[in-house]
Amino acid sequence: MTASVLTHAALHHAILRHLVDQGFAPAGAWLAERFGVDGEVMAQALRDLQAYHGVVLHPHVPEVWVIHPFSTAPTPFAVGQGDRIWWGNCAWCSLGVAALLGGNGVTIRTTLGAEGQPVTVHVDDHRVRENLWVHFPVPMARAWDNVIFTCTTMLLFGNEAEIDAWAGRHALPRGDAQPVQRVYDFARVWYGRHLDEDWHKWTTEEAREIFERFGFRGPTWDLPRSSERF
(Lines give C-alpha, C1' and ligand atoms only; values in the text may rest on other atoms or scores of the structure.)
Protein backbone atom coordinates (compact mmCIF):
# COMPACT_ATOMS: atom_id res chain seq x y z
CA MET A 1 0.00 0.00 0.00
CA THR A 2 1.43 3.38 -0.98
CA ALA A 3 1.52 5.80 1.95
CA SER A 4 -0.47 9.03 1.60
CA VAL A 5 0.43 12.45 2.91
CA LEU A 6 -1.02 12.77 6.42
CA THR A 7 -3.42 15.74 6.53
CA HIS A 8 -6.74 16.35 8.28
CA ALA A 9 -8.58 15.77 5.00
CA ALA A 10 -6.66 12.59 4.10
CA LEU A 11 -7.06 11.09 7.57
CA HIS A 12 -10.76 11.97 7.73
CA HIS A 13 -11.31 10.41 4.29
CA ALA A 14 -9.44 7.22 5.19
CA ILE A 15 -11.49 6.73 8.36
CA LEU A 16 -14.86 7.51 6.81
CA ARG A 17 -14.25 5.52 3.63
CA HIS A 18 -13.25 2.48 5.70
CA LEU A 19 -16.31 2.86 7.93
CA VAL A 20 -18.71 3.11 5.00
CA ASP A 21 -17.11 0.18 3.16
CA GLN A 22 -16.39 -2.12 6.11
CA GLY A 23 -19.06 -1.11 8.63
CA PHE A 24 -16.58 -0.16 11.36
CA ALA A 25 -13.82 2.40 11.84
CA PRO A 26 -10.18 1.45 11.27
CA ALA A 27 -7.86 0.99 14.24
CA GLY A 28 -5.05 3.43 14.87
CA ALA A 29 -2.50 0.77 13.92
CA TRP A 30 -4.15 0.29 10.53
CA LEU A 31 -4.14 4.03 9.96
CA ALA A 32 -0.48 4.29 10.96
CA GLU A 33 0.41 1.64 8.37
CA ARG A 34 -1.84 3.28 5.80
CA PHE A 35 0.02 6.59 6.15
CA GLY A 36 3.46 5.12 6.78
CA VAL A 37 3.95 6.68 10.23
CA ASP A 38 4.56 5.26 13.69
CA GLY A 39 1.84 4.84 16.30
CA GLU A 40 2.61 7.98 18.27
CA VAL A 41 2.56 10.16 15.16
CA MET A 42 -0.83 8.72 14.24
CA ALA A 43 -2.14 9.15 17.78
CA GLN A 44 -1.21 12.84 17.65
CA ALA A 45 -2.75 13.20 14.18
CA LEU A 46 -6.01 11.78 15.53
CA ARG A 47 -5.90 14.15 18.50
CA ASP A 48 -5.29 17.05 16.13
CA LEU A 49 -8.23 15.95 13.97
CA GLN A 50 -10.37 15.85 17.11
CA ALA A 51 -9.32 19.40 18.00
CA TYR A 52 -10.44 20.35 14.47
CA HIS A 53 -13.84 18.77 15.26
CA GLY A 54 -13.33 16.16 12.57
CA VAL A 55 -13.57 13.14 14.87
CA VAL A 56 -14.35 12.25 18.49
CA LEU A 57 -11.94 9.86 20.18
CA HIS A 58 -12.46 7.60 23.17
CA PRO A 59 -11.40 9.53 26.30
CA HIS A 60 -8.87 6.89 27.36
CA VAL A 61 -7.29 5.94 24.02
CA PRO A 62 -6.76 7.64 20.61
CA GLU A 63 -9.23 5.46 18.71
CA VAL A 64 -12.30 6.61 16.78
CA TRP A 65 -15.53 6.79 18.77
CA VAL A 66 -17.50 9.11 16.48
CA ILE A 67 -16.84 10.46 13.01
CA HIS A 68 -19.95 12.39 12.07
CA PRO A 69 -22.44 11.34 10.96
CA PHE A 70 -21.45 7.82 12.12
CA SER A 71 -20.99 6.33 15.57
CA THR A 72 -18.73 3.32 16.14
CA ALA A 73 -20.72 2.40 19.29
CA PRO A 74 -24.37 1.30 19.43
CA THR A 75 -26.95 4.09 19.44
CA PRO A 76 -30.76 4.24 19.19
CA PHE A 77 -30.41 4.81 15.42
CA ALA A 78 -29.73 1.80 13.19
CA VAL A 79 -29.30 2.89 9.57
CA GLY A 80 -29.66 0.08 7.06
CA GLN A 81 -29.20 -0.40 3.35
CA GLY A 82 -29.66 -3.91 1.99
CA ASP A 83 -28.12 -6.27 4.53
CA ARG A 84 -25.72 -3.66 5.93
CA ILE A 85 -26.17 -1.61 9.11
CA TRP A 86 -24.43 1.45 10.55
CA TRP A 87 -25.13 3.49 13.68
CA GLY A 88 -26.05 7.15 13.47
CA ASN A 89 -25.41 9.44 16.42
CA CYS A 90 -28.80 11.16 16.33
CA ALA A 91 -31.73 11.93 14.04
CA TRP A 92 -29.73 14.60 12.15
CA CYS A 93 -26.70 12.33 11.77
CA SER A 94 -28.79 9.32 10.75
CA LEU A 95 -30.42 11.33 7.98
CA GLY A 96 -26.90 12.39 6.97
CA VAL A 97 -25.84 8.73 6.82
CA ALA A 98 -28.84 8.03 4.60
CA ALA A 99 -27.79 10.86 2.28
CA LEU A 100 -24.15 9.69 2.13
CA LEU A 101 -25.39 6.21 1.22
CA GLY A 102 -27.14 7.69 -1.82
CA GLY A 103 -30.53 8.51 -0.32
CA ASN A 104 -32.18 5.42 -1.79
CA GLY A 105 -33.31 2.17 -0.21
CA VAL A 106 -32.22 3.34 3.24
CA THR A 107 -34.06 2.68 6.50
CA ILE A 108 -33.55 4.21 9.93
CA ARG A 109 -34.87 2.17 12.84
CA THR A 110 -35.36 4.02 16.13
CA THR A 111 -37.96 4.86 18.78
CA LEU A 112 -39.79 8.15 19.24
CA GLY A 113 -38.01 10.20 21.89
CA ALA A 114 -35.70 7.21 22.55
CA GLU A 115 -38.44 5.85 24.80
CA GLY A 116 -41.68 5.45 22.88
CA GLN A 117 -43.10 3.84 19.78
CA PRO A 118 -40.64 2.02 17.51
CA VAL A 119 -40.53 3.59 14.06
CA THR A 120 -38.80 2.85 10.80
CA VAL A 121 -37.96 5.79 8.57
CA HIS A 122 -37.74 5.02 4.85
CA VAL A 123 -35.63 7.14 2.48
CA ASP A 124 -36.04 6.63 -1.27
CA ASP A 125 -34.93 9.01 -4.02
CA HIS A 126 -33.96 11.45 -1.23
CA ARG A 127 -37.55 11.56 0.03
CA VAL A 128 -38.56 10.59 3.56
CA ARG A 129 -41.79 8.65 3.57
CA GLU A 130 -42.81 9.33 7.18
CA ASN A 131 -44.22 12.58 8.60
CA LEU A 132 -42.09 13.10 11.71
CA TRP A 133 -40.27 15.88 13.56
CA VAL A 134 -36.67 16.30 14.68
CA HIS A 135 -36.03 18.09 17.98
CA PHE A 136 -32.84 20.14 18.56
CA PRO A 137 -32.67 20.88 22.32
CA VAL A 138 -29.06 22.15 22.49
CA PRO A 139 -28.16 25.50 20.92
CA MET A 140 -25.66 25.08 18.11
CA ALA A 141 -23.35 27.60 19.79
CA ARG A 142 -22.96 25.07 22.63
CA ALA A 143 -23.03 21.88 20.55
CA TRP A 144 -19.33 21.08 20.96
CA ASP A 145 -19.30 21.68 24.73
CA ASN A 146 -20.31 18.01 24.98
CA VAL A 147 -21.02 16.81 21.47
CA ILE A 148 -21.99 13.29 22.59
CA PHE A 149 -24.73 14.71 24.85
CA THR A 150 -25.80 17.07 22.07
CA CYS A 151 -26.18 14.19 19.65
CA THR A 152 -28.03 11.89 22.04
CA THR A 153 -30.76 14.49 22.56
CA MET A 154 -31.53 15.06 18.86
CA LEU A 155 -34.44 12.65 18.49
CA LEU A 156 -37.46 11.94 16.33
CA PHE A 157 -41.04 12.62 17.45
CA GLY A 158 -44.50 12.23 15.98
CA ASN A 159 -45.53 15.83 16.57
CA GLU A 160 -44.60 18.95 18.49
CA ALA A 161 -46.92 18.17 21.42
CA GLU A 162 -44.88 15.01 22.02
CA ILE A 163 -41.74 17.16 22.12
CA ASP A 164 -43.29 19.51 24.69
CA ALA A 165 -44.27 16.58 26.91
CA TRP A 166 -40.88 14.89 26.53
CA ALA A 167 -38.95 18.04 27.45
CA GLY A 168 -41.09 18.59 30.53
CA ARG A 169 -40.91 14.96 31.62
CA HIS A 170 -37.11 14.87 31.47
CA ALA A 171 -36.37 18.48 32.51
CA LEU A 172 -34.54 19.02 29.23
CA PRO A 173 -34.69 22.18 27.10
CA ARG A 174 -37.48 22.57 24.59
CA GLY A 175 -35.46 23.71 21.59
CA ASP A 176 -36.31 24.03 17.91
CA ALA A 177 -38.31 21.41 16.00
CA GLN A 178 -38.16 20.84 12.26
CA PRO A 179 -40.02 18.48 9.90
CA VAL A 180 -37.97 15.43 9.04
CA GLN A 181 -37.83 16.07 5.27
CA ARG A 182 -36.38 19.51 5.80
CA VAL A 183 -33.78 18.06 8.15
CA TYR A 184 -32.92 15.39 5.58
CA ASP A 185 -32.43 18.06 2.91
CA PHE A 186 -30.29 20.03 5.36
CA ALA A 187 -28.27 16.94 6.36
CA ARG A 188 -27.70 16.12 2.70
CA VAL A 189 -25.95 19.47 2.29
CA TRP A 190 -24.27 19.50 5.70
CA TYR A 191 -22.69 16.05 5.25
CA GLY A 192 -22.57 16.14 1.47
CA ARG A 193 -18.78 16.63 1.28
CA HIS A 194 -17.81 14.30 4.11
CA LEU A 195 -16.60 11.58 1.77
CA ASP A 196 -14.65 14.02 -0.42
CA GLU A 197 -10.89 13.66 -0.38
CA ASP A 198 -10.55 17.44 0.02
CA TRP A 199 -13.07 17.64 2.88
CA HIS A 200 -12.82 20.44 5.41
CA LYS A 201 -14.88 21.44 8.42
CA TRP A 202 -17.44 24.15 7.82
CA THR A 203 -16.39 27.50 9.13
CA THR A 204 -18.76 29.22 11.52
CA GLU A 205 -19.74 31.61 8.74
CA GLU A 206 -20.42 28.71 6.36
CA ALA A 207 -22.53 27.04 9.05
CA ARG A 208 -24.53 30.25 9.56
CA GLU A 209 -25.20 30.44 5.81
CA ILE A 210 -26.37 26.82 5.63
CA PHE A 211 -28.69 27.28 8.63
CA GLU A 212 -30.17 30.37 6.99
CA ARG A 213 -30.56 28.60 3.64
CA PHE A 214 -32.92 26.08 5.24
CA GLY A 215 -34.77 28.63 7.35
CA PHE A 216 -33.18 27.48 10.59
CA ARG A 217 -33.42 30.63 12.71
CA GLY A 218 -33.81 31.60 16.33
CA PRO A 219 -31.86 30.90 19.53
CA THR A 220 -31.11 27.27 18.66
CA TRP A 221 -29.33 28.24 15.45
CA ASP A 222 -27.68 31.54 16.35
CA LEU A 223 -23.89 31.38 16.05
CA PRO A 224 -21.45 34.15 16.93
CA ARG A 225 -19.56 35.61 14.01
CA SER A 226 -16.18 33.93 14.01
CA SER A 227 -13.39 32.74 11.73
CA GLU A 228 -13.22 29.46 13.65
CA ARG A 229 -14.36 26.08 12.36
CA PHE A 230 -17.76 24.96 13.63
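The values are calculated or read from the model by the stated rules, or taken from the named source; none is laboratory data. Computed from a predicted structure; not experimentally measured. Counting neighbours? That spans all protein chains shown, and the Cβs are built from the backbone with ideal geometry, glycine included. Side chains included, ligands, DNA and RNA excluded: accessible areas come from the protein's heavy atoms. Shrake-Rupley method; radii C 1.70, N 1.55, O 1.52, S 1.80 Å.
Based on the Cα gyration tensor of the chain, what are the three equivalent ellipsoid semi-axes, each the root of five times an eigenvalue, rounded to whole Å and given largest first? Display every interim value, and only then the final one.
Numbers: eigenvalues 175, 79, 53 Å².
Value: 30, 20, 16 Å, ordered largest first.
Counting only Cβ charges, +1 for Lys and Arg and -1 for Asp and Glu, the dipole size of segment 1-154 around its Cα centre is about 240 debye. Considering only protein heavy atoms and a probe of 1.4 Å, how much of the accessible area of the chain is carbon and sulfur, as a whole percent? Carbon and sulfur atoms account for 52 percent of the accessible area of the chain. Against the chain, whose longest principal axis is taken from its Cα atoms, helix 160-170 shows a tilt of about 70°.
With 0.36 nm allotted per residue and the present C-alpha distance subtracted, the residue 206-residue 226 stretch has 6.2 nm of extension available.
Dipole of the chain computed with +1 at Lys/Arg Cβ and -1 at Asp/Glu Cβ about the Cα centre; of 92, 24, 155, farthest Cα towards the positive end is 155. Measuring how big segment 130-230 is from its alpha-carbon positions, Rg and Dmax come out at 14.1, 44 Å. Of the chymotrypsin sites (Phe, Trp or Tyr not before Pro) found in segment 51-140, those in coil by DSSP whose Cβ has at most 16 other Cβ atoms within 10 Å are 52. Applying the criteria of a DSSP loop state and at most 11 other Cβ atoms within 10 Å to the chymotrypsin sites (Phe, Trp or Tyr not before Pro) of segment 139-225 yields no site.
At an R0 of 25 angstrom, the distance between the Cβ atoms of residue 52 and residue 107 translates into a FRET efficiency of 0.20.
According to the Cα gyration tensor, what semi-axes, each the square root of 5 times an eigenvalue, does the equivalent ellipsoid of segment 1-114 have, listed from largest to smallest in whole Å? Walk me through the intermediate numbers first.
On the way: eigenvalues 144, 45, 24 Å².
The three semi-axes for segment 1-114 are 27, 15, 11 Å.
The length gained by stretching the chain between residue 189 and residue 44 to full extension, at 0.36 nm per residue less their Cα-Cα distance, is 49.2 nm.
Using DSSP to define loop residues, name the trypsin sites (Lys or Arg not before Pro) in segment 148-230 whose beta-carbon has at most 10 other beta-carbon atoms within 10 Å.
Those satisfying the criteria are 225.
Here the relative contact order of the chain, from alpha carbon pairs under 8 Å that lie six or more residues apart, stands at 17 percent.
What's the longest piece of the chain with no exposed GluC sites (Glu not before Pro), counting a site as exposed if DSSP puts it in a loop and it has at most 15 other beta carbons within 10 Å?
Details: sites that count: 115, 130, 197, 228.
In short, 1-114.
The modelled label-to-label distance between residue 5 and residue 160, using points 7 Å beyond Cα along the C-beta direction, is 5.0 nm. Take the Cα of residue 152, step 7 Å toward its Cβ, do the same at residue 129, and the gap between the two points is 3.1 nm.
Would you calculate a helix-derived [θ] at 222 nm for the chain, using -39,500 (n - 2.57) for each DSSP H run of n ≥ 4 and dividing by the full residue count, to the nearest 500? All intermediate terms of the calculation are to be shown ahead of the outcome.
On the way: 8 runs with 84 residues, N = 230.
It lands at -11000 deg cm²/dmol.
Surface exposure of segment 171-222, expressed per residue as accessible area with a 1.4 Å probe, stands at 46 Å².
Within the listed set 135, 68, 13, the Gaussian network model of the chain (springs between alpha-carbon atoms below 10 Å) gives the highest mean-square fluctuation for 13.
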